[in-house]
Amino acid sequence: MSNSCKKSYITTPIYYVNDVPHIGHAYTTIIADTLAIYSRMVGYDTFFLTGTDEHGQKIEQAAKQRGKTPQEYADEISSKFKQLWDYFDISYDKFIRTTDEEHKKGVQVAFEKMLQNGDIYKGTYKGNYCISCETFFTDTQIVDGGFCPDCGKETSIVEEESYFFKLSKYQERLLAWYKENEKCIIPKTRRNEVIRFVEAGLEDLSITRTSFDWGVKLPKSVNDPKHVIYVWLDALMNYLTALGYGTGEEKMDYWPAKVHLIGKDILRFHAIFWPAFLMSLELPLPDHIAAHGWWTRNGEKMSKSKGNVINPKEVADAYGLENFRYFMLREVPFGGDGDFSQKALIDRINSDLGNDLGNLLNRLIGMSSKYSEGKVSSQNVTKYFKEELEEIQRSFEKLEPLLFDMQLHRYLEELWRPLGIANKAIDKYQPWKLMKEGKEEEALALNGLIANILAKVAIMLHPVMPKTTNKIAKALQFTIGVESYKSFVKENSLLDDFTITKIPPLFPRIEEQLLKEPEAPKKESKEKKEQSAGVITIDQFFQTELKIGTIIEAKEVQKSKKLLKLKVDLGEEQPRQIIAGIKEWYKPEDLVGTQACVVANLKPAKIMGMLSEGMLLAAKDENGLSLLRPETPKVAGTKVS
Ligand code: ME8
């Protein structure tokens with residue numbers, strides 16, 4: 001950890017209110033929550049921020065589609081995010097909304113400051129705009145002549161008067177920052193990616209829009225009411241306005257952020273625009289911008305339209321919130337993509353949590369009840385298990401730097417090593433044998449070793465599984481917090497003697513998937529598919545009444561180059577009048593007495609003011625048009641089938 005301060009400011013992205021929270025949002029928030037709990041436990045004065053991003057054209061459109069005002073719509077979805085985080089016991093200190101008055105004011109103050117510093121100028125912007133990503137793309141960036149390189153949706157050309165931020169001015173300073181601060185962007189590969197992007201050259205950034213309304217207005221001092229501030233400037237500023245920037249500064253001593261936790265999709269905004277804005281505002285830059293990977297479903301991006309979105313609440317309700325937290329952090333190396341599967345989740349619960357951790361506690365409860373009426377003592381642990389204790393200590397020393405380096409899966413992997421040592425020690429020393437052999441002191445010391453390992457692991461696992469580890473601590477008669485962290489983890493102290501409290505198994509075995517797999521996107525019914533492929537049923541065919549008609553009269557239609565007026569006998573009381581566009585290919589006199597196939601149940605229509613009571617069937621190719629006729633004469637009115 002850098003020692004810049006004893007403060008620790010941790011943020012998640014503020015989520016767009018155009019969609020309800022899903023497993024991806026939960027992942028970011030759970031990582032941030034883990035870091036925040038850890039931060040508090042190790043004694044940092046911590047401030048954890050999350051919230052919602054509510055302005056912009058995308059939100060304006062989403063609201064409109066639902067017949068709501070943008071504010072009504074934003075209120076509704078924002079509260080869904082807040083409710084979910086509350087349900088998940090996320091330990092945020094502030095939930096910010098970009099529609100908060102203080103935030104809007106803070107954004108305007110920042111705009112004024114950038115203007116004063118000569119970093120904003122007025123110009124015209126023309127570019128390919130993706131509403132979904134709220135981003136302009138250059139002609140070389142767009143794909144297939146007009147599609148967004150990020151989300152694949154169609155972009156539109158937007159030309160408008162705009163204020164620009166002099167991003168290009170900060171190119172060199174940004175590069176220097178990346179190069180001098182190895183961990184400013186985590187993982188390293190992402191940092192390299194950003195360096196390459198910036199080295200290729202930065203263009204100034206359009207930071208206002210005139211094409212819609214739903215955003216923060218420019219400060220009054222600028223007096224240009226048709227502009228609203230670009231959503232990304234508005235959104236990024238939340239990290240400062242949440243601390244009171246521009247409205248009182250009451251919490252600005254938390255700045256700079258220890259870590260901005262984000263998904264890889266929004267790296268460019270955080271790693272390029274944001275530090276440049278901060279430089280312009282003459283503020284220090286964050287310690288880390290950490291970009292994690294993508295959660296997919298069967299290898300595919302999750303989206304509502306594909307029907308493969310995973311609802312994090314359902315997963316947490318079915319499998320246990322903290323098991324779900326553990327799974328997400330353990331399963332995927334930070335920065336990499338991960339595919340969600342219930343099977344993998346069940347394996348982690350049964351194996352890592354159930355076998356390695358839960359069973360160890362059960363065995364300790366069992367053995368200490370049997371051998372010492374539940375009494376556990378650390379007294380002879382060093383005497384018998386010095387080597388094991390040293391090995392454990394080395395493991396814990398390795399743990400510390402891993403969390404803020406975002407090596408969460410390695411952190412958990414490393415944390416499982418002491419559990420492995422404990423489980424192995426039981427198999428190796430076989431306390432039941434020791435007891436039989438009269439080596440009671442050694443057997444009880446082994447229980448002491450196990451209890452101490454469990455206590456230390458519980459403390460370090462606490463940020464990931466707060467409630468579960470509190471239960472373990474309760475069984476072992478201690479409390480997890482700054483004090484116990486200091487004494488058991490930092491100073492390697494051992495537990496005072498205690499009598500174990502029996503608790504029910506923490507991780508009951510899961511035998512089968514508890515959630516129905518989301519239904520595959522609804523398949524079109526066979527019939528529907530055939531219909532759309534142009535296939536009809538026999539019944540549908542017979543809805544068309546086809547008959548053989550005898551043409552008994554044919555006349556030219558005055559002033560028409562194409563039409564002939566025919567009288568056709570369909571075996572009915574009266575011949576029908578049919579207006580046919582066949583004049584180019586047939587002379588009236590040649591038609592009389594011949595037969596043709598007629599659509600007999602067409603709704604009569606008026607053609608050039610004349611009633612037409614049917615249609616002749618004909619085939620036309622480059623050689624001309626031919627009426628379809630029976631090979632040999634048929635009685636007028638014969639059905640065609
Ligand atoms: O981008 N896997 O908001 P957003 C992992 N408002 N993480 C995912 C994910 C997935 N499939 N889907 C979403 C915005 N996320 C802006 C941010 S910040 C100043 C403004 C997570 O609602 C991930 O953290 O689209 C990603 O960066 C974030 O949600 C995007 O949320």
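The values are calculated or read from the model by the stated rules, or taken from the named source; none is laboratory data. The structure presented is a predicted model; accordingly, all values stated were derived computationally and were not measured. No Cβ is skipped: glycine too gets one built from the backbone with ideal geometry, and neighbour counts run over all protein chains shown. In case anyone asks, the SASA skips ligands and DNA or RNA and just uses the protein heavy atoms, side chains included. Shrake-Rupley method; radii C 1.70, N 1.55, O 1.52, S 1.80 Å.
Just one of the listed residues (190, 196, 173) is within 14 Å of the ligand (Cβ to nearest atom) and surrounded by fewer than 22 Cβ atoms within 10 Å (Cβ to Cβ), namely 190.
For region 92-103, check the following and say yes or no: at least one residue is charged (D, E, K, R), under 21 Å from the mean Cα position of the chain (by Cα) and open to solvent by less than 30 Å² (accessible area, probe 1.4 Å).
no
Selection of region 19-56 for residues being at pLDDT 95 or above and under 30 Å from residue 210 (Cα atoms) yields 50, 51, 52, 53, 54, 55.
Residues are listed down the side, and each one gets a yes or a no for (1) away from the ligand (no atom under 14 Å from the Cβ); (2) within 21 Å of residue 420 (Cβ to Cβ); (3) crowded, with 20+ Cβ neighbours inside 10 Å; (4) hydroxyl-bearing (Ser, Thr, Tyr):
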| position | (1), (2), (3), (4) |
| --- | --- |
| 313 | yes, no, no, no |
| 317 | yes, no, no, no |
| 323 | yes, yes, yes, no |
| 341 | yes, no, no, yes |
| 344 | yes, yes, no, no |
| 352 | yes, yes, yes, no |
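Summed over region 439-455, the residues that are open to solvent by 10 Å² or more (accessible area, probe 1.4 Å) and aliphatic (A, V, I, L, M) give a count of 1.
Taken over region 1-50, the criterion of being assigned to a loop (DSSP other than H, G, I, E, B) and surrounded by 23 or more Cβ atoms within 10 Å (Cβ to Cβ) is satisfied by 17 alone.
Across region 457-477, the number of residues qualifying as open to solvent by less than 10 Å² (accessible area, probe 1.4 Å), touching a residue at least 24 places away in the same chain (Cβ under 8 Å) and over 10 Å from residue 422 (Cβ atoms) comes to 9. Residue 211: assigned to a helix (DSSP H, G or I), open to solvent by 60 Å² or more (accessible area, probe 1.4 Å), assigned by TED's automatic domain parsing to the domain that holds residue 170 and among the small types (Gly, Ala, Ser), yes or no? Taking the combined requirement at face value, the residue does not satisfy it.
Given 545, 613, which one is under 15 Å from residue 636 (Cβ atoms), open to solvent by 60 Å² or more (accessible area, probe 1.4 Å) and of a type in the set (Asp, Glu)?
So the residue among 545, 613 that is under 15 Å from residue 636 (Cβ atoms), open to solvent by 60 Å² or more (accessible area, probe 1.4 Å) and of a type in the set (Asp, Glu) is 545.
When 264, 258 are checked against the criterion of being modelled with pLDDT of 95 or more and surrounded by fewer than 21 Cβ atoms within 10 Å (Cβ to Cβ), a single residue qualifies: 264. Restricting the first member to region 214-240 and to residues that are farther than 12 Å from residue 277 by Cβ and assigned by TED's automatic domain parsing to the domain that holds residue 106, and the second to residues that are part of a helix (DSSP H, G or I) and not hydrophobic (A, V, I, L, M, F, W, C), the beta-carbon pairs closer than 6 Å and six or more apart or on different chains are 214/60; 214/70; 216/104; 216/234; 219/108; 219/112.
In region 124-147, which residue that is assigned to a strand (DSSP E or B) and without any contact (Cβ under 8 Å) to a residue 60 or more places away in the chain is surrounded by the most Cβ atoms within 10 Å (Cβ to Cβ)? Break it down stepwise before answering.
Of region 124-147, the ones assigned to a strand (DSSP E or B) are 124-130, 135-137, 143, 147.
If we keep only those that are without any contact (Cβ under 8 Å) to a residue 60 or more places away in the chain too, we end up with 124, 126, 128-130, 137, 143, 147.
Numbers: 124: 10, 126: 12, 128: 21, 129: 23, 130: 25, 137: 19, 143: 12, 147: 16.
Ranking the qualifying residues of region 124-147, first place goes to 130.
With the condition kept exactly as written, say whether any residue in region 17-27 is within 16 Å of the ligand (Cβ to nearest atom) and of a type in the set (Phe, Trp, Tyr). Yes, that holds for at least one residue.
Residues considered: 80, 7. Of these, the only one that is more than 20 Å from residue 465 (Cα to Cα), within 16 Å of the ligand (Cβ to nearest atom) and in contact (Cβ under 8 Å) with a residue 60 or more places away in the chain is 80.
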